[in-house]
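Taking it in order: structure first as structure tokens, then the write-up.
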Amino acid sequence: MDWIAIDGYNWGTSQTWSSWQPPDQTFGPMITRLQAITTKPLAITELGTTTTTSSGTNLAAKSQWLTDAFNYALTKNIKMILWFNQDKETDWAAFGGAQGDTSFTYNLQTFKTYAAYKTAISSNSFVSSNTTNPRLLTDNQFAEQ
């Protein structure tokens with residue numbers, strides 16, 4: 001099966017040239033164009049958001065963006081999502097990064113994470129997952145026991 005894919009990031013105000021953008025602004029124009037020209041399944045192969053807003057670091061804003069992004073994907077019939085889970089230019093990670101509004105302990109190691117991320121990946125709308133192990137599906141370090 002052939003796929004089409006896009007990526008997109010909400011840089012917030014982490015850069016001098018960027019501003020906060022909700023998921024529909026980040027992905028909407030390109031998704032509309034692609035879905036008008038093909039019926040192939042669509043994936044978002046990289047997405048992420050920062051906590052950096054015009055008011056400073058805002059964990060709640062990132063949590064809301066996470067929720068909104070996964071809900072947006074459902075409304076647009078996105079078949080696969082891959083979160084860019086690395087703090088690089090900014091705090092992109094949703095699991096195990098520098099920021100988080102909750103934590104998860106596995107094998108005596110504690111990771112910062114976002115409750116909204118755990119909720120999103122636990123949803124049966126995407127892939128059945130073990131709700132006691134909120135992890136990236138590609139991260140074999142946290143393979144189900």
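Go through (1) surrounded by fewer than 19 Cβ atoms within 10 Å (Cβ to Cβ); (2) hydrophobic (A, V, I, L, M, F, W, C); (3) in a loop (DSSP other than H, G, I, E, B) and name the single condition TRP20 misses.
Single failed check for TRP20: (1).
Of the residues that make up region 9-17, is at least one under 15 Å from the mean Cα position of the chain (by Cα), under 20 Å from SER125 (Cβ atoms) and among the aromatic types (Phe, Trp, Tyr)?
Pass one, region 9-17, residues under 15 Å from the mean Cα position of the chain (by Cα): 9-12.
When the remaining residues are screened for being under 20 Å from SER125 (Cβ atoms), the result is none.
No: region 9-17 contains no residue that is under 15 Å from the mean Cα position of the chain (by Cα), under 20 Å from SER125 (Cβ atoms) and among the aromatic types (Phe, Trp, Tyr).
Taking region 58-85, which residues are loosely packed, with under 14 Cβ neighbours inside 10 Å, at pLDDT 95 or above and not in a helix (DSSP H, G or I)?
Matches in region 58-85: none.
Looking only at residues in region 38-54 that are out of contact with any strand residue (DSSP E or B) (no Cβ under 7 Å at 6 or more places or on another chain) and modelled with pLDDT of 95 or more, which one is nearest to ASP101 (Cα to Cα)? Before you say what the answer is, go through the steps one by one.
Our first condition is that a residue be out of contact with any strand residue (DSSP E or B) (no Cβ under 7 Å at 6 or more places or on another chain); within region 38-54, this holds for 39, 52-54.
The next check asks that each one be modelled with pLDDT of 95 or more; those that pass are 52-54.
Working: THR52: 14, THR53: 16, SER54: 19 Å.
Per the stated criteria, the residue is THR52.
Kindly indicate whether any position in region 31-45 is hydroxyl-bearing (Ser, Thr, Tyr) and crowded, with 19+ Cβ neighbours inside 10 Å.
Narrowing region 31-45 to residues hydroxyl-bearing (Ser, Thr, Tyr): 32, 38-39, 45.
Restricting the remaining residues to those that are crowded, with 19+ Cβ neighbours inside 10 Å gives none.
No, the conditions are met nowhere in region 31-45.
Consider only pairs whose beta carbons are under 9 Å apart and that are at least six residues apart or on different chains; among these, list those whose first residue lies in region 1-18 and is more than 15 Å from THR51 (Cα to Cα) and whose second residue is β-branched (Val, Ile, Thr) and part of a strand (DSSP E or B).
Within 9 Å, the pairs are TRP3/THR45; ALA5/ILE44; ALA5/THR45; ILE6/ILE44; ILE6/THR45; ASP7/ILE44; ASP7/THR45; GLY8/ILE44.
The values are calculated or read from the model by the stated rules, or taken from the named source; none is laboratory data. Predicted model only: the values in this text are computed from it and were never measured. For neighbour counting, all protein chains shown are included, and Cβ atoms are generated from backbone atoms with ideal geometry for every residue, glycine included.
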